[in-house]
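Each reported figure results from applying straightforward, stated rules to the coordinates on display, with no laboratory input. Remember, predicted model here, so these are calculated numbers, not experimental data. Cβ placement follows ideal geometry from the backbone for every residue including glycine, while neighbour counts extend to all protein chains displayed.
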Amino acid sequence: MKRITGNKIVYTLCALGIVSILCLLLATCATVPLTERKSLSLIPDSELLSLSSQQYAQTLKEAKLSTDQEKIQAVTRVGKRIASAAEDFLREKKAADKIKNYKWEYNVIEDSKTANAWCMPGGKMAVYTGIFPYTRNDAGLAVVLGHEVAHAIAEHGNERMSQALIAQLGGVALSVALAKEPGETRDLYLAAYGVTANVGVLLPYSRTHESEADRIGLTLMAKAGYDPHEAIRFWQTMSEQGGSRPPTFLSTHPAPESRIDNIKTYIPEAMRYYKK
């Protein structure tokens with residue numbers, strides 16, 4: 001019989017540990033619709049949806065909601081069309097089981113200094129009044145909401161939060177993290193979904209996330225009846241009017257110089273769905 005040394009036992013255990021971790025990561029992968037990319041998804045939908053409902057209510061309670069009926073009606077009108085397009089999109093991509101998780105809500109937050117918008121899991125949307133000078137019309141608003149809803153249905157927030165849980169809390173389950181560090185976990189959630197207006201606090205979207213959100217967002221706005229070419233005008237306006245301090249939406253959603261060129265390459269794909 002071969003004798004196994006202490007070092008070999010350690011190496012064997014380490015190898016088994018690495019294999020176990022890899023198996024866990026593979027088992028918790030989700031597939032992004034349209035791009036088919038595999039993404040890390042450690043947090044169950046049930047826990048995310050519960051946290052989403054609580055944080056959305058809390059955020060609205062702490063915010064000053066707009067009373068501008070024109071803006072409220074625009075966000076509701078465009079939001080509903082994007083939401084309907086998103087559900088059609090999920091059906092087409094064989095992800096109809098996800099639709100039950102969405103209870104769409106639309107709100108406008110009065111803050112002229114913040115040019116931002118976000119969409120939480122379950123379709124909880126908010127648009128800050130500071131972004132309206134950039135959107136200008138319904139089609140421009142559709143660019144923003146299509147982009148944010150794309151982040152939601154691609155589960156980019158779950159992926160960012162999963163990565164952050166591994167890095168900061170050792171990859172524990174969300175329920176455990178909430179019990180051990182409720183405040184830190186809440187801040188992590190808000191940062192993952194871009195709810196806070198403080199740019200330095202937000203978890204950055206990767207270029208992969210941004211590219212996917214642009215591509216899926218164009219398809220959503222096209223399916224909703226908005227011309228995807230409006231995205232070029234919107235991003236040009238955001239870049240040109242940003243000055244030395246870019247708008248929050250641009251700051252928290254990194255826009256490399258090649259972004260508009262990339263969007264132009266996605267437009268033909270989206271135009272297949274476009275009907276006036």
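Points to keep in mind about this one:
- Förster radius 45 Å - calculated FRET efficiency between LYS61 and ILE232, Cβ distance, rounded to 0.05: 0.75
- As a proxy for reagent exposure, ranking SER46, SER52 by other Cβ atoms within 10 Å from fewest up yields SER46, SER52.
- Order of ILE260, ILE153 - criterion: other Cβ atoms within 10 Å of each residue's Cβ, fewest first: ILE260, ILE153
- Point-charge dipole on Cβ atoms (K/R +1, D/E -1) for segment 31-130, about Cα centre, debye to 20: 200
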